[in-house]
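Each remark here refers to the structure printed beneath this line.
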Amino acid sequence: MFQNLVNNAIKFHKPDVASKVHIFAKQDENNWIFSVADNGIGIDPQYADRIFKIFQRLHTRDEYPGTGIGLAICKRIAEQHGGTIWIESVPGYGSTFNFTIPKRKEEINHECE
């Protein structure tokens, strides 16, 4: 999942601008929350759900290579682990992909002690 999100962050860069990718992790009461943020081309919020569907591309293959399955796989992985994935993005300013993975019961119980 990280490989796909970092690869996309680099692939969808702005022309003549060096790619910057930041990876964050934090936790709340029940989940680990991971974020992969970039300074790339961004995505219009109206397409936020579409990009997680298989074979849904926002650009032609001439513009950006790929098959349109990477983010669908990321969604499937997050969901299979009981988590979620979503995007926060501003066109022209970059995107942040966030996903959650539930904590193990041992982690939650240990924090309560």
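A few remarks follow.
- Listed cross-link partners Lys11/Lys75; Lys26/Lys53; Lys53/Lys105; Lys14/Lys53; Lys26/Lys75 are compared with a 22 Å cut-off, the Cα-Cα value being larger for Lys26/Lys53; Lys53/Lys105; Lys14/Lys53.
- 5 angstrom amide H check on Thr84, placed H, neighbours 5+ away: Thr100
Values quoted throughout were computed directly from the atomic coordinates according to the rules given, and no laboratory measurement underlies them. Remember, predicted model here, so these are calculated numbers, not experimental data.
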